[in-house]
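The values are calculated or read from the model by the stated rules, or taken from the named source; none is laboratory data. What you are looking at is a predicted structure, and each value in this text was computed from that prediction instead of being measured. Ideal geometry is used to build each Cβ from the backbone, glycine not excepted, and the neighbour counts take in all protein chains shown.
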Amino acid sequence: MRPALKAGLRPLWRDRRTLQIGVDPRRAAALTGLGKAAAIVSLLDGSRDTAEVERTAAEYGIAPEAVNRVLGLLASAGVLDDFPADLHQALPDYLRARLAPELACAALAYDHGDGGAAVIARRRAAFVRVYGADRIGACVATLLAASGVAWVTCRDSRIAGEADIAPAGLGTADLGAARAAGVDRAVHRVARETRTADDPRRLPDLAVLAGHPDPVDVAELMRGRVPHLAVRAEEAIGVVGPLVEPGRSACLRCADLARAARDSAWPVILAQAGGPDGPATSPQACDTVLAAATAALAAAQALTFIDRAAPHVTRNGTLEVVLPDWQWHRRTWSPHLACTCGAAAAAPGPTRALSPGTAREYASD
Ligand SMILES: [Zn+2]
């Protein structure tokens, strides 16, 4: 083991006896009674294994027992990682530096003790295909690539226009060219190592359906049992989800059947408004910030799925924002008994209520 304080946390003194690791009480841990053994905290940057930490500490007159007591305390407080030296060696310098915030964030968010290594390994092995290069789909593609997803492709047959330009998506240089090619360029602007060439023979690990999905694409994904995440924003409403795991969670048709149960005219409305040629309304009522916020939340849900380290709140549900509220709300979509996808026979996925905590306290005696 190469003990390292979690990269995103700083050691700070609360008083002469209490060392606090981290600032925000929802992440921080306070350690008391460390004595002079507190000095070893400065050695915990992952550059030494445990034996080397003990040897260096001995030069300061700190016994191995005291070192192990501090390490145990830090580990039980959840602020100690086993530094991912192998992962660091496997990444080129520029990528290691670029992904450092991703590693630090994953290690904290998921409370892993590996410095985020497992999460980055999953992202480096993932293939995501984005269907639709509108201002949301293009942003989702760049966000995923910048987050370390190794293979991000885009399917879209349209030409880029002024309304497609978005800060994290297509730019003015892409105007008049194929939107899909513009997404490739946008991805490489932030993540030059990302593989963007599509392989039509391969099914992706995850599909993102931006805008109104083509029923042919949806049918292919359902047949291939490919998990897919829907995302759209129009009529000044952003919707992320559902995240469909075919046969295991509510699919897009499950949601439409539920809407039709409440509104008998829904199928007629849907037939006119949806489909691959949508949206029917132009201009699309999705301003730049709504597009960015919706794309960011969709990318977060996609990463949660790829990382496999937290519950998916868009499984059997959607996250929705109705402007000008800017408060995201979750809406539940249960598998529909009349749908042929088979999800109604599967158990609903877990959801987790998140609540802010207070600083956890750990004492050495
Ligand atoms: Zn269904």
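Each row is one residue, and each column tells you yes or no for (1) buried (at least 20 other Cβ atoms within 10 Å of the Cβ); (2) at pLDDT 95 or above; (3) of a type in the set (Ser, Thr, Tyr); (4) under 22 Å from residue 110 (Cβ atoms).
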| residue | (1), (2), (3), (4) |
| --- | --- |
| 280 | no, no, no, no |
| 285 | no, no, no, no |
| 290 | yes, yes, no, no |
| 300 | no, yes, no, yes |
| 306 | yes, yes, no, yes |
| 311 | no, no, no, yes |
| 317 | yes, yes, no, yes |
| 321 | yes, yes, no, no |
| 328 | no, yes, no, yes |
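Counting the residues of the stretch 124-182 that are surrounded by fewer than 22 Cβ atoms within 10 Å (Cβ to Cβ) and on the phi > 0 side of the Ramachandran plot gives 1. Pairs under 6 Å by beta carbon, first residue of a type in the set (D, E, K, R) in the stretch 250-270, partner near the ligand (Cβ under 7 Å from one of its atoms), six or more apart or different chains? The qualifying pairs are 253/339. Given the conditions (1) of a type outside the set (A, V, I, L, M); (2) part of a loop (DSSP other than H, G, I, E, B); (3) more than 18 Å from the chain's Cα centre (by Cα), report the number of the one that residue 112 does not fulfil. Going through (1) of a type outside the set (A, V, I, L, M); (2) part of a loop (DSSP other than H, G, I, E, B); (3) more than 18 Å from the chain's Cα centre (by Cα) one by one, residue 112 breaks only (3).
Yes/no per residue for (1) of a type outside the set (Phe, Trp, Tyr); (2) modelled with pLDDT of 90 or more; (3) within 22 Å of residue 113 (Cβ to Cβ):
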| residue | (1), (2), (3) |
| --- | --- |
| 7 | yes, yes, yes |
| 14 | yes, yes, no |
| 24 | yes, yes, yes |
| 31 | yes, yes, yes |
| 34 | yes, no, yes |
| 39 | yes, no, no |
| 44 | yes, yes, yes |
| 63 | yes, yes, no |
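Okay, residues lined up against (1) under 21 Å from the mean Cα position of the chain (by Cα); (2) more than 10 Å from the ligand (Cβ to nearest atom):
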position: 223; (1), (2): no, yes
position: 226; (1), (2): yes, yes
position: 231; (1), (2): yes, yes
position: 235; (1), (2): no, yes
position: 243; (1), (2): yes, yes
position: 246; (1), (2): yes, no
position: 249; (1), (2): yes, no
position: 257; (1), (2): no, no
position: 263; (1), (2): no, yes
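Check the stretch 114-132 and report whether any residue there is of a type in the set (Asp, Glu) and not assigned by TED's automatic domain parsing to the domain that holds residue 305. Taking every residue of the stretch 114-132 in turn, at least one turns out to be of a type in the set (Asp, Glu) and not assigned by TED's automatic domain parsing to the domain that holds residue 305.
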